[in-house]
Amino acid sequence: MVSAFHKWHRRGGAAVAAKLEMILLGVLLRKPSTGYDLKKFMDSHGRFMRSNTQMSQVYASLGKMEDRGWVDHAVEPRAGAQDAKLYSVTPEGETVFLDWLTGPYAITSRFQDSDLFTRLSFAGFMSTDDVLRLLDAEIEARQAQVARYRNRDRSTPVATSLPFDAELSDLVAEWSHRTGAAAVDAHIAACIELRRELAARTAHTQGATR
């Protein structure tokens, strides 16, 4: 069965736009908010989910989501100031958000480009099993990438008429490889640790209910 989110995405929804819209839906599901409130969120917590979100992008996404029936708004009178639109999520929007949040997880070649951290930011809307499945997919994929690419042949043939410092190039390439390897190793270790904590929490909860 195709989810509401994936039906929309197949009709041409762009991945980057979808990510912003899913973030906004998640924030609105926590608490109805104005466009200004959403921009404040994107400037603080949201900056770690998506870079450089502009106010115009927030309002454009709200307009598109309202057209699709994912959100609606009520006018909030404000004494001495312009009335504000208070946005909230519709039942259709709830379905779309949850379909995305707990739906298929696309593995990216770089862990920094995945939506793992965005999804985990809304873990309160997920079950522990949902989070464990997400972590398992991420850990397995990154470990497979390390096994396949860590010791790859990293030599790059050079045939250029321009001056080229091969020694400098090799030095920087080696630094980049070491730094990238350390980053992905730390990422995998952090995911494994979170998984361990969640599994222990589940075991404790199950033991307490017996």
ask   = Taking a spot 7 Å from the Cα of Thr90 along the direction of its beta carbon, which residues of region 55-81 have an amide N less than 14 Å from it?
value = 62-74
ask   = Most mobile of Ala189, Ala106, Ala173 per a Gaussian network model of the chain (Cα springs, under 10 Å)?
value = Ala173
ask   = In the Gaussian network model of the chain, springs joining C-alpha atoms below 10 Å, which of Thr179, Thr102, Thr128 carries the largest mean-square fluctuation?
value = Thr179
query = What is the count of Lys pairs in the chain whose alpha carbons sit under 24 Å apart, if the two are 8 or more places apart or on different chains?
reply = 16
ask   = Tell me, what HN-Hα J-couplings in whole Hz come from the Karplus equation 6.51 cos²θ - 1.76 cosθ + 1.60 at θ = phi - 60° for each residue of region 195-201, using x for Gly and Pro?
value = 4, 4, 5, 5, 5, 5, 5
message = For a quick check of your reading of the filter: which trypsin sites (Lys or Arg not before Pro) in region 109-195 sit in a DSSP loop and have no more than 11 other Cβ atoms within 10 Å?
response = Arg110, Arg152, Arg154
request  = Pop out the ³J(HN,Hα) list for region 107-113 in order, Karplus 6.51 cos²θ - 1.76 cosθ + 1.60 with θ = phi - 60°, rounded to Hz; leave Gly and Pro as x.
outcome  = 7, 9, 5, 10, 5, 5, 8
inquiry  = I'd like to know how region 114-208 sits against the 2.2 N^0.38 Å rule of thumb: what's its Cα Rg over that expected value?
reply    = 1.59
task = As a check on your grasp of the helix formula, calculate [θ] at 222 nm for the chain: sum -39500 (n - 2.57) over DSSP H runs of n ≥ 4, divide by the residue count, round to the nearest 500.
result = -20500 deg cm²/dmol
request  = Could you pull out every residue, at least 5 positions away or on a different chain, whose amide H is within less than 5 Å of the one on Ala84? Hs are placed 1.01 Å off N in the peptide plane, and Pro or chain starts have none.
outcome  = Glu76, Arg78
note = A chain fully extended from Arg196 to Ala144 at 0.36 nm per residue, minus the present Cα-Cα distance, gains in nm 16.7 nm
ask   = Gap in Å between the Cα centre of region 31-56 and the Cα centre of region 112-181?
value = 28
query = Assuming a viscosity of 0.692 mPa s and a temperature of 37 °C, what translational diffusion coefficient in µm² per second does Stokes-Einstein assign to the chain, Rh being the Kirkwood radius over Cα pairs?
reply = 162
request  = Could you list which residues have their amide H under 5 Å from that of Thr90, counting only those 5 or more apart in sequence or on another chain, with H placed in the peptide plane?
outcome  = Val71, Asp72
ask   = Under a GNM of the chain (C-alpha, springs under 10 Å), which listed residue has the highest mean-square fluctuation: Val96, Val172, Val71?
value = Val172
Estimated inter-spin distance, Phe125 and Arg68, nm [label 7 Å along Cα→Cβ] = 1.2
task = Taking only the C-alpha atoms, wrap a convex hull around region 20-102 and report its volume per residue in Å³ as a whole number.
result = 93
Rounded to whole Hz, the Karplus (6.51, -1.76, 1.60) HN-Hα couplings of region 79-86, x for glycine and proline = 5, x, 8, 5, 4, 10, 8, 9
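Bear in mind these aren't lab numbers, they're just calculated from the coordinates by the rules spelled out. Treat the numbers as computed from the prediction; the structure is a model and nothing was measured. No Cβ is skipped: glycine too gets one built from the backbone with ideal geometry, and neighbour counts run over all protein chains shown.
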